[in-house]
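Contents: one structure, followed by commentary.
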Amino acid sequence: MTGSEKVAYLKGLMEGMKLGEDSDNGKLFHAIADVLESMAESLADMENDLDELSEELDCVCDDVEALEECVFGDDDDDDWDDLYDENDPDDEEDEPQFFEITCPSCDKTITIDEDVLELGSVQCPNCGEMMEFDLYDAETDEDGEDE
């Protein structure tokens, strides 16, 4: 039985009990029945909207499946996992690396990126001192050989 049918049943019971709108109790019960009827109609509308939304979502899912089949050639879900391999260095985007450097003049720490480091020098924004970097030392290991 739907919500609207249950409210109609309650209204029938109220009429059978001769609860007219002229008594205080009758007014209360009729007001409650009206609220219940309104709620039942709203709930039925929401259920209809949900059914329509569910049908549209099914259509979107079908479209996505068709697109997957066009792109990957089959319905195998493992294809998604093959797109990105965490251990493949070619899959990693070039994320900038940052380095902290302490100025020898003012002892303030500044952060620079790899591009500035490759320039070989930078001016301290705090005191104006020019700081130079020797990248050759950073690219060799302890034995003095290139890595």
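Quick note: the coordinates plus some simple rules give every number you see, no bench work behind them. Keep in mind it's a predicted model, so treat the numbers as computed, not measured. When we count neighbours, we look across all protein chains shown, and the Cβ atoms used for this are built from the backbone with ideal geometry, even at glycine.
In nm, to one decimal, how far is the modelled label at residue 4 from the one at residue 38, with both set 7 Å along Cα→Cβ?
So the label points at residue 4 and residue 38 sit 1.8 nm apart.
Can you give the local net charge around residue 7? Use residues other than it whose beta-carbon is closer than 12 angstrom to its beta-carbon, Lys and Arg +1, Asp and Glu -1.
-2
Using a cut-off of 22 Å between alpha-carbon atoms, which lysines can reach residue 18, once sequence neighbours fewer than 8 places away in the same chain are excluded?
6, 27
List, in order, the whole-Hz ³J(HN,Hα) value for each residue of the stretch 101-108 obtained from phi through the Karplus relation with A = 6.51, B = -1.76, C = 1.60 and θ = phi - 60°; use x for Gly and Pro.
10, 9, 5, x, 7, 10, 6, 8
Once you put a point 7 Å from the Cα of residue 52 and another 7 Å from the Cα of residue 113, both along the Cβ direction, what distance in nm separates them?
4.9
With θ set to phi - 60° and the Karplus curve 6.51 cos²θ - 1.76 cosθ + 1.60, what are the ³J(HN,Hα) couplings of the stretch 5-12 in order, to the nearest whole Hz, using x for Gly and Pro?
So the Karplus estimates, Gly and Pro as x, are 5, 5, 5, 4, 4, 4, 5, x Hz.
What net charge is computed for the residues neighbouring residue 126, neighbours being all others with C-beta under 15 Å from the C-beta of residue 126, Lys and Arg scored +1, Asp and Glu -1?
On the way: positive: 108; negative: 100, 107, 129.
Local charge sum for residue 126: -2.
Given H placed 1.01 Å from N in the peptide plane, which residues other than close sequence neighbours of residue 129 have an amide H under 5 Å from its amide H?
124
In sequence order, what are the phi-derived ³J(HN,Hα) couplings for the stretch 119-134 according to the Karplus relation 6.51 cos²θ - 1.76 cosθ + 1.60 with θ = phi - 60°, rounded to whole Hz, with x for glycine and proline?
Calculated HN-Hα couplings, in order: 5, x, 7, 8, 8, 5, x, 8, 10, x, 5, 7, 10, 10, 10, 10 Hz.
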